[in-house]
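Here is the structure we will look at, set down as structure tokens.
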Amino acid sequence: MAENPRELRSAARSAVDLHTHSTASDGELDPAALVAQAALAGVRMLALTDHDSVAGVDTAQQAAHALGLRLIPGIELSVTWERRTLHVVGLGIDPTAAALVEGLKLLQAQRQIRARAIAAKVERLGVADAYGRAEALAAGGQITRSHFARVLIDAGICRDAKRAFRRYLAAGKPAYVATEWPDLDRTLGWIKAAGGLAVLAHPRRYTIGTAARGRLLSQFRALGGDGIEVCCGTSDAAEIQTSAREAREYGLAGSVASDFHGRWQSWNRLGGVAALPEGIASIAERLDARLDA
Ligand code: AMP
Ligand code: MN
Ligand code: MN
Ligand code: MN
């Protein structure tokens, strides 16, 4: 049986994967193992885009060099826009750029504070030392809600991550902590200061009305946004079409992005994303052009 029924529908797979996670945030594989697995999956251009951290980039770069794969240094930044949390991916960034480094310090401090607050709520559900458990699972990487999902699963409170989010960790649920992340303007500023391309992550995952979506895409473009993820790990053909139409309408290029995390989010297969439809400007080609220049 196919791992993912969508495989049966779209045959053309991309050799590009511009959104993946390692142990520097909530991925299962360390950066070198991630790169090795990507190479085995036939990926030729891979971006490491951990949540609010570039800690894995150097190791990934070295591993990629040894395997003849092109590693794009990246980041997935948490953003608050009109009281919603959005994710913006920065690609081809200089991870040492001062403005970006300062921005990441801020985001990481916010993650720390939020993790303490989430832990207090998880402890009220009957889990002792929830912070210590999440911190141990993160093993030096950024602490995310995915880690708290695992804490809840290990404590026998939830059966899987999907239920942990639905019942406890999603917005408005008992262990949710609202955070005011940096706005779109600052976020794009950090990506641009680091020489990167800014891509709106998983655009179909936001619950957002038509008017607000239009405002988001035009603001994103006006602030220097470069693209949106047209082909995601979870996209079906209809979603790809919708995102491709939005990309054309708002003058944005398209990215191909599994959002691979490991077995924890098994529907996102590394390197298993559909190729970009014809007629859409390609973020991967823009990255290629910069590297060849
Ligand atoms: P955070 O950035 O700490 O709020 O964590 C967000 C991460 O949680 C996302 O990047 C996903 O990896 C994970 N996540 C969010 N919603 C779900 C869900 N419904 N099921 C499983 N994982 C999820
Ligand atoms: Mn994640
Ligand atoms: Mn995301
Ligand atoms: Mn992601």
Worksheet item: Which is farthest toward the positive dipole end of region 79-200 among 107, 79, 175, measuring Cα position about the Cα centre, with Cβ charges +1 (Lys, Arg) and -1 (Asp, Glu)?
Response: 175
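In what sequence, largest accessible area first, do 81, 267 appear using a 1.4 Å probe? Can you show the working numbers first?
Details: 81 15, 267 125 Å².
Listed by decreasing accessible area, they come as 267, 81.
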Worksheet item: At residue 245 and residue 44, where each label point lies 7 Å from the Cα along Cα→Cβ, what is the point-to-point distance in nanometres?
Response: 3.2
Item to complete: Using a Förster distance of 41 angstrom, determine the FRET efficiency expected from the C-beta separation of residue 112 and residue 289, and round it to 0.05.
Response: 0.60
Worksheet entry | Neighbourhood net charge (15 Å Cβ-Cβ; Lys/Arg +1, Asp/Glu -1) for residue 71 | -3
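What value in Å³ per residue do you get for the convex hull of the alpha-carbon atoms in the chain?
126
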Worksheet item: Out of 224, 120, 57, whose Cα points farthest toward the positive end of the dipole of the chain (charges: +1 Lys, Arg; -1 Asp, Glu; placed on Cβ)?
Response: 120
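Using only helices, what value at 222 nm comes out for the chain when you add -39,500 (n - 2.57) per DSSP H run of length 4 or more and divide by the total residues, to the nearest 500 deg cm²/dmol? It would help to have the intermediate numbers written out before the result.
On the way: 10 runs with 117 residues, N = 293.
The helix-only estimate for the chain comes to -12500 deg cm²/dmol at 222 nm.
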Response to the item:
Note on region 193-293: contact order normalised by length, alpha-carbon pairs under 8 Å, 6 or more apart, percent, works out to 26
Discussion item. For region 151-197, take N as its residue count and report Rg(C-alpha) divided by 2.2 N^0.38 Å.
Written reply: 1.75
Practice prompt. Provide the per-residue ³J(HN,Hα) series for region 87-93, in order, calculated from phi with Karplus coefficients 6.51, -1.76, 1.60 and θ = phi - 60°, each as a whole number of Hz, with x at glycine and proline positions.
Written response: 10, 10, 9, x, 10, x, 7
Fill in: Gaussian network model of the chain, springs between alpha carbon atoms under 10 Å - residue of 170, 281, 212 with greatest fluctuation
212
Discussion item. Relative contact order for the chain: what percent, with Cα pairs under 8 Å and sequence separation of 6 or more?
Written reply: 22
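What Kirkwood radius, in Å to one decimal, follows from the Cα pairs of region 130-230? Can you show the working numbers first?
Numbers: mean 1/r = 0.0623 Å⁻¹.
16.0 Å is the Kirkwood radius here.
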Worksheet item: Sorted by accessible area (1.4 Å probe), largest first, how do 121, 162, 173 line up?
Response: 162, 173, 121
Worksheet entry | Residues listed by number, region 176-211, amide nitrogen under 18 Å from residue 65 label point at 7 Å toward C-beta | none
Worksheet item: Gaussian network model of the chain, Cα springs within a sub-10 Å range: biggest mean-square fluctuation belongs to which of 67, 217, 137?
Response: 67
Discussion item. What's the magnitude of the charge dipole for the chain around its Cα centre, counting Lys and Arg as +1 and Asp and Glu as -1 at the beta-carbon? Answer in Debye, nearest 20.
Written reply: 1000
Fill in: Relative contact order of region 73-197, pairs being alpha-carbon contacts under 8 Å that are 6 or more residues apart, as %
36
Item to complete: For region 169-293, just the Cα atoms, rotate onto the principal axes and tell me the three extents in Å, largest first.
Response: 50, 32, 29
Fill in: Kirkwood Rh and Cα Rg combined as Rg over Rh, evaluated for region 201-258
0.93
Discussion item. Need one number: % antiparallel among DSSP beta bridges in region 29-182, to the nearest 5.
Written reply: 60
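Given a 1.4 Å probe and every protein chain left where it sits, what share in percent of the accessible area of the chain is carbon and sulfur? Write out the running numbers ahead of the final one.
Values: 6790 of 13280 Å².
Carbon and sulfur atoms account for 51 percent of the accessible area of the chain.
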Worksheet, complete the sentence: In nanometres, the difference between 0.36 nm per residue of separation and the alpha-carbon distance of residue 281 and residue 162 is 39.4 nm
Worksheet item: Counting only heavy atoms of protein chains, what accessible area per residue, in Å², does the chain have with a probe of 1.4 Å?
Response: 45
Response to the item:
Reported to the nearest 10 Å², residue 25 has, with a 1.4 Å probe, an accessible area equal to 0
Discussion item. Of the candidates 30, 160, 94, which one comes out as most mobile in a Gaussian network treatment of the chain with C-alpha springs shorter than 10 Å?
Written reply: 160
Worksheet item: What FRET efficiency would be calculated for the residue pair residue 211, residue 129, taking the C-beta separation as r and a Förster radius of 35 Å, to the nearest 0.05?
Response: 0.20
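The values are calculated or read from the model by the stated rules, or taken from the named source; none is laboratory data. Being a predicted model, the structure only gives us computed values, none of them experimental. A quick note on method: Cβ atoms are made from the backbone with ideal geometry, for glycine too, and the neighbour counts reach across all protein chains shown. Surface accessibility is based on the protein's heavy atoms, side chains included, excluding ligands, DNA and RNA. Shrake-Rupley method; radii C 1.70, N 1.55, O 1.52, S 1.80 Å.
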